[in-house]
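Inspection log for the structure reproduced underneath, given as structure tokens.
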Amino acid sequence: MGAGADLEPGTLLAAYRSGLFPMHVDLWGARRLGWWSPDPRAVIPLEGLLVSRSLRRSAQRFTVTIDTAFDDVVAACAREGESDRWIHPDIAVAYRRLFDLGWAHSVEVRDRTVDGRLVGGLYGVSVGGLFAGESMFHHATDASKVALMHLVEILARDGNLFRMLDVQWRTEHLGSMGAIEIPRAEYLRRLRRAADVGEADFSVG
């Protein structure tokens, strides 16, 4: 873990291309910007997503949209569990800038029966063949899983398995969807390979 620098778009994109992501830490009595590269690192192989029959049935209760409520998704993620410890206002502003520039994306899951109310979603950064998932939330059972399922469908649409879905750390929730841990060195090898892949097309998500 390193500390310092800023959250300008160029800094963030260079960090992702180097295998780093930002998260604030308390150092020397102050909140500082930290840069993380976990070992091991968690990824979800696009061909290894685990989708149960019950999840496919559950998905029918929702509609999914792409990039229609980025700020709402980030705000909901900031209120979810322990995420508010790191999604500070400056983080939200920084990722909104990436969204405006076309580098960040959100997947929104809406309840079909409650006027399209937002009940789940995720957001992250797309750089070349890498999608770096930053955070997800759910206000209805399976909603975040449905968001992840649709994200993988977008990333896998062109059949290029050199794309990589980075989820940072493996949790029980992500493990149930197929997340695995790989050594940092292997992650960086895959990242270099993903750098040669064109970005996924979120406009037709």
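How do VAL107, VAL43 rank when sorted from fewest to most other Cβ atoms within 10 Å of their own Cβ?
Numbers: VAL107 28, VAL43 25.
With the sparsest Cβ surroundings first, the list reads VAL43, VAL107.
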Item to check | Lys/Arg +1, Asp/Glu -1 at C-beta; the chain dipole; positive extreme among SER37, PHE202, SER58 | outcome: SER58
Checklist entry - Per the Debye formula with a single identical scatterer at each Cα and no solvent contribution, what log10 I(q)/I(0) holds for segment 46-111 at q = 0.13, 0.14, 0.21, 0.24 Å⁻¹? => result -0.49, -0.56, -0.97, -1.04
Checklist outcome for this item: Reduced to Cα centres, the span from segment 146-205 to segment 92-137 in Å works out to 15 Å
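How large is the charge dipole for segment 1-154, taken about the Cα centre, if only the Cβ atoms of Lys, Arg (+1) and Asp, Glu (-1) carry charge, to the nearest 20 debye?
Details: 16 positive and 19 negative charges, 90 e Å.
Roughly 440 debye for segment 1-154.
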Checklist entry - Tally Lys and Arg at +1 and Asp and Glu at -1 over the other residues with C-beta under 15 Å from the C-beta of PRO40: what net charge comes out? => result +1
Checklist outcome for this item: On each of the three principal axes the extent of the alpha-carbon atoms of segment 141-181, given in whole Å and largest first, is 28, 24, 12
Checklist outcome for this item: Fewest to most Cβ atoms within 10 Å: MET177, MET23, MET136 sort as MET23, MET177, MET136
Item to check | P(r) histogram, all alpha-carbon pairs of the chain included - 10 Å bins from 0, percent | outcome: 9, 36, 39, 14, 2
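Bear in mind these aren't lab numbers, they're just calculated from the coordinates by the rules spelled out. This is a predicted model, so every value here is computed, not measured. All Cβ positions, glycine included, derive from the backbone under ideal geometry; neighbour counts span all protein chains shown.
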